[in-house]
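Take a look at the structure set out below.
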Amino acid sequence: MNRNLKDRTQRLLRISFVLNGMPVNIEVRPWETALAVLREQLVLTGTKEGCGIGECGACTILVDGFAVDSCLMLAPKLDGRKVETVEGLRQGEALHPLQEAFLSNGAVQCGYCTPGMLMSAKALLDRNPNPERDEWVEALSGNLCRCTGYVQILEAVEDAAKTLGKAKKLS
Amino acid sequence: MRSQFEYILPRSLKEALDFLVDHSSQTSILAGGTDLMIAARNGDVASRYVVDVSRLEEMRAIAVTEGALSIGAAVTYTEIMNSPQIAQWAPILARAAGCVGSVQIRNAGTLGGNVANASPAADSVPPMLVHGAKVQIRSASSERCEPLERVIVGPYRTSLRPGEIITRFIFEPLGDEYRWNFQRIARRRALSVARINAAAIGRLDSRGVVDDLRLSIGSITPEPSRMTSAEDHLKGKVPDPSLIQEVAEKVSQEMVRRSGVRDSTEYKRPAVEGLVVKALTELFIKQNCNA
């Protein structure tokens, strides 16, 4: 089989999707990952590559509300989807309650796992604003952290859930 | 260097199958991508085309017809875990699905992908085998339905022919009197491929005698199957700890008979026996369906 890479099609694929609430229309190389497209083409470097093989969750993004490893997602699969990255958490100048809670609970050390942790937590809280502890532990079980020992992260999620739960009750 | 290929998104199963008529030797099928993308990262996907079947409605249905549960090949592990029909008709599969990888992996990975990848450690396979699962396989010019044991024929090998796609799985309905148990040994509780996994489904009659037992253990034999000689050892008898231990030993003997003595046997022999004892004890003695 001819493995000369120049023989592979150089044709780009046009995809359009909603990213953090804004429409995006770009051309991608069909074999590229969503992670690479976000970081390198769209210059949204909040999403991190930790392992590149779906074993650490640092690259977690939300696609139609579901947490997925963007390192394992082919970029063309983003077409027509609603995509959220960590950059979309802030509301204008204000941080998302999850981000506030991570800061106030000491849940950020080197910060590398943090975007993935935030997105996994958001996926849970968007769907279930009043989770039990075992539910947010499960929701974060696909995100590895080498710094904190997880306790502060879990406390931050609990804290954010309380804040969001209260906000829901008031609204 | 990452593999490069073209991306094809068929709008229907027919379109996908028609594409394969002329291109199957140059095509990889993509569902969730949790296996394929790792191979692609390593430069191991030689295909010119990748055909994405993840959105094909014909492969995404979960339905029950006359008690037979049908699960589309492109149904994700998350959907399996959340399905009320699967909770009722094949809860052991929902339990096994919950053991796979992580939330992120489960949101993408599919049942069809797990079977087509044919890892010996596939968590969905023992549960499907104990449910007598049949696989519907289609090509542009054919349709066949095979027992799962005839589809996975060895480590990472299936009997799929060029141009064929797995479209759905059909499960034998088992009544409420059946109990089930799924066990797994892995390095961690998440993000770990199973070292050994085990699915057991059984039924006791009114005298406490085993009148049906189905046992399938993953990662111990070249091809996945039911452990029929071990099952037969318990059928027609009232289970007790020493009988269960004998069944466990029959399983490890079968493992050695079929796989030979390997470097891992020193570990796997006691490990698989322990796993089988745990599964059958919970199933019949403690009467837990996975506490």
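Summary of computed values
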read-out	value
Any hit, region A:45-53, residues being facing another protein chain (nearest Cβ under 9 Å) and free of Cβ contacts under 8 Å to residues at least 24 places away in the same chain	yes
Yes/no for A:Glu135 being touching a Gly at 6+ places or on another chain (Cβ under 9 Å) and more than 9 Å from chain B (Cβ to nearest Cβ)	no
Boolean, A:Lys82 is among the basic types (Lys, Arg) and away from chain B (no Cβ under 13 Å)	yes
Selected residue (criterion: farthest from the other protein chains (Cβ to nearest Cβ)) from residues of region B:78-100 that are crowded, with 24+ Cβ neighbours inside 10 Å and out of contact with any Asp or Glu (no Cβ under 6 Å at 6 or more places or on another chain)	B:Ala90
Residues satisfying the stated conditions in region A:85-96, i.e. open to solvent by 50 Å² or more (accessible area, probe 1.4 Å) and either within 14 Å of chain B (Cβ to nearest Cβ) or assigned to a helix (DSSP H, G or I) (or both)	A:Glu87
Residue in region B:155-163 that is open to solvent by less than 10 Å² (accessible area, probe 1.4 Å) and on the phi < 0 side of the Ramachandran plot present	no
Matching residues in region B:9-39 - criterion: being within 14 Å of chain A (Cβ to nearest Cβ), open to solvent by less than 40 Å² (accessible area, probe 1.4 Å) and outside any helix (DSSP H, G or I)	B:Pro10, B:Thr27, B:Ser28, B:Leu30, B:Ala31, B:Gly32, B:Gly33, B:Thr34
Long-range neighbours under 7 Å by Cβ, at least six apart or interchain, first residue more than 9 Å from chain B (Cβ to nearest Cβ) and part of a loop (DSSP other than H, G, I, E, B) within region A:10-33, second open to solvent by less than 50 Å² (accessible area, probe 1.4 Å) and acidic (Asp, Glu)	A:Asn20/A:Glu84
Residue that is nearest to the other protein chains (Cβ to nearest Cβ) [pool: residues in region A:138-171 that are of a type in the set (Lys, Arg) and in contact (Cβ under 8 Å) with a residue 24 or more places away in the chain]	A:Arg146
Residues being within 12 Å of the chain's Cα centre (by Cα) and either outside any helix (DSSP H, G or I) or at pLDDT below 95 (or both) - total across region B:100-114	2
Any pair with Cβ under 7 angstrom, 6 or more apart, that starts in region A:112-124 at a residue that is more than 9 Å from every other protein chain (Cβ to nearest Cβ) and ends at one that is of a type in the set (Phe, Trp, Tyr) and part of a helix (DSSP H, G or I)	A:Thr114/A:Phe102; A:Leu118/A:Phe102; A:Ala121/A:Trp136
Among the residues listed as B:Ile71, B:Ile152, the single one being touching a Ser or Thr at 6+ places or on another chain (Cβ under 9 Å), at pLDDT 95 or above and under 24 Å from B:Pro222 (Cα atoms)	B:Ile152
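This table checks each residue for (1) of a type in the set (Ser, Thr, Tyr); (2) within 14 Å of chain A (Cβ to nearest Cβ); (3) assigned to a strand (DSSP E or B).
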| position | (1), (2), (3) |
| --- | --- |
| B:Ile166 | no, no, yes |
| B:Phe169 | no, no, yes |
| B:Glu177 | no, no, no |
| B:Phe182 | no, no, yes |
| B:Ala190 | no, yes, no |
| B:Ala200 | no, no, yes |
| B:Thr221 | yes, no, no |
| B:Pro224 | no, no, no |
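The values are calculated or read from the model by the stated rules, or taken from the named source; none is laboratory data. Predicted model only: the values in this text are computed from it and were never measured. Don't worry about glycine lacking a Cβ; one is built from the backbone with ideal geometry, like all the others, and counts go over all protein chains shown. Just the protein is used for accessible areas: all its heavy atoms, side chains included, with ligands, DNA and RNA removed. Shrake-Rupley method; radii C 1.70, N 1.55, O 1.52, S 1.80 Å.
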